[in-house]
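Visitor: Handing you a structure now.
The values are calculated or read from the model by the stated rules, or taken from the named source; none is laboratory data. Since we're looking at a predicted model, the values are computed, not measured. Note: ideal-geometry Cβ built from the backbone for every residue, glycine included; neighbour counts use all protein chains shown. When the accessible area is computed, the model is the full protein with side chains, heavy atoms only, and any ligands, DNA or RNA have been set aside. Shrake-Rupley method; radii C 1.70, N 1.55, O 1.52, S 1.80 Å.
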Amino acid sequence: TQKPRHLNSAVQSGWATMMPAAQIFASPLTIDAQWNPKPYLAEKFILSDDSRSVTLHLRKDAKFHDGRAVTSQDFIYSFERATDSKLGSTTADTYLGDIAGVLDKLSGKSQSVAGIKATDPHTLQIDLEGPRAYFLAKLQYPTAYVVDKANVESGKTWTEKPNGTGPFKLTRWDKSSKITLERNADYHLEPAKVQRVQFNLAGGNPRTM
């Protein structure tokens, strides 16, 4: 694995970032072997009949690594952060640009995304610019990973101690040689079969233990 500069999924820079980040963080949906959208942090999703809006019902047992429950407000924060013009994401337009108001947020015309709202702590409604049935597949990309506001705003080095929601936690990051992840015993789905994953940054495949 190449050496990542960071683990900031909203501004991911290729597989070097995506591979470990995908084990630390999680998205509302994922895709199955046939490329069909399926629930992940959301327990179910509803695409409107006109394909102009998506309702995500979040799992109530989904938690951050520190034990705090994931809420719809966490996703609003994460999406608005990813589309902040100051962040400079090169992928937010591609993967979140179908959401109503995202282009205004990316251009700096708006301070919030008009098409995202929480109808309750575990329900998120996303209104789209038009019929976009394919948008569901985009919600599995790293730009849609949920992040913890307190963790992100703790300082510039927050990705060295990320409070994710994925099946593994970051325990060690030797910038010159490896990234070590440990199994998250409180993962909302079945815990990982292996205790540890190590990404060797000098090249080669990840090691599992």
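Visitor: Just checking, how many residues over region 69-100 are within 15 Å of F135 (Cβ to Cβ), open to solvent by less than 20 Å² (accessible area, probe 1.4 Å), hydroxyl-bearing (S, T, Y) and in contact with a Lys or Arg (Cβ under 9 Å, 6 or more places away or on another chain)?
Guide: Here the count works out to 1.
Visitor: Just for region 120-148: of the residues that are in a loop (DSSP other than H, G, I, E, B) and either free of Cβ contacts under 8 Å to residues at least 24 places away in the same chain or of a type in the set (A, V, I, L, M, F, W, C) (or both), which one is most open to solvent (accessible area, probe 1.4 Å)?
Guide: Y134
Visitor: Another one. Restricting to region 156-191, what's the tally of residues that are open to solvent by 20 Å² or more (accessible area, probe 1.4 Å), under 11 Å from Q23 (Cβ atoms) and touching a strand residue (DSSP E or B) at 6+ places or on another chain (Cβ under 8 Å)?
Guide: 4
Visitor: Based on this model, can you work out whether L103 counts as assigned to a loop (DSSP other than H, G, I, E, B) and open to solvent by 50 Å² or more (accessible area, probe 1.4 Å)?
Guide: Numbers: assigned to a loop (DSSP other than H, G, I, E, B): no; open to solvent by 50 Å² or more (accessible area, probe 1.4 Å): yes.
It is false that L103 is assigned to a loop (DSSP other than H, G, I, E, B) and open to solvent by 50 Å² or more (accessible area, probe 1.4 Å).
Visitor: Have a look at T119, T123, T180 and point out the one that is within 18 Å of the chain's Cα centre (by Cα) and among the hydroxyl-bearing types (S, T, Y).
Guide: Numbers: T119 fails: within 18 Å of the chain's Cα centre (by Cα); T180 fails: within 18 Å of the chain's Cα centre (by Cα).
Every option except T123 fails the conditions.
Visitor: Between Y141, Y134, which is modelled with pLDDT under 95 and under 15 Å from S48 (Cβ atoms)?
Guide: On the way: Y141 fails: under 15 Å from S48 (Cβ atoms).
Of Y141, Y134, the one residue that is modelled with pLDDT under 95 and under 15 Å from S48 (Cβ atoms) is Y134.
Visitor: Within region 44-65, take every residue that is assigned to a loop (DSSP other than H, G, I, E, B) and small (G, A, S) and give me the one that is least open to solvent (accessible area, probe 1.4 Å).
Guide: Here the answer is A62.
Visitor: Still on this structure, please answer the following. Using the structure shown, decide if I46 is among the β-branched types (V, I, T) and in contact (Cβ under 8 Å) with a residue 40 or more places away in the chain.
Guide: Working: among the β-branched types (V, I, T): yes; in contact (Cβ under 8 Å) with a residue 40 or more places away in the chain: no.
When the stated conditions are applied, I46 does not pass them.
Visitor: Return yes or no: is Y95 touching a Pro at 6+ places or on another chain (Cβ under 9 Å) and either under 27 Å from K161 (Cβ atoms) or not aliphatic (A, V, I, L, M) (or both)?
Guide: Considered against the rule, which asks whether it is touching a Pro at 6+ places or on another chain (Cβ under 9 Å) and either under 27 Å from K161 (Cβ atoms) or not aliphatic (A, V, I, L, M) (or both), Y95 comes out as yes.
Visitor: Taking the conditions exactly as written (in contact with a Pro (Cβ under 9 Å, 6 or more places away or on another chain) and either over 30 Å from S48 (Cβ atoms) or without any contact (Cβ under 8 Å) to a residue 60 or more places away in the chain (or both)), does N163 satisfy them or not?
Guide: Here the answer is no, as N163 does not meet what is asked.
Visitor: Can you name the residue in region 172-197 that is modelled with pLDDT of 90 or more and out of contact with any Lys or Arg (no Cβ under 8 Å at 6 or more places or on another chain) and is also nearest to R68 (Cα to Cα) among such residues?
Guide: My answer is Y187.
Visitor: I'd like to verify a number: residues in region 84-113 that are among the small types (G, A, S) and farther than 19 Å from K138 by Cβ, how many?
Guide: Selection size over region 84-113: 6.
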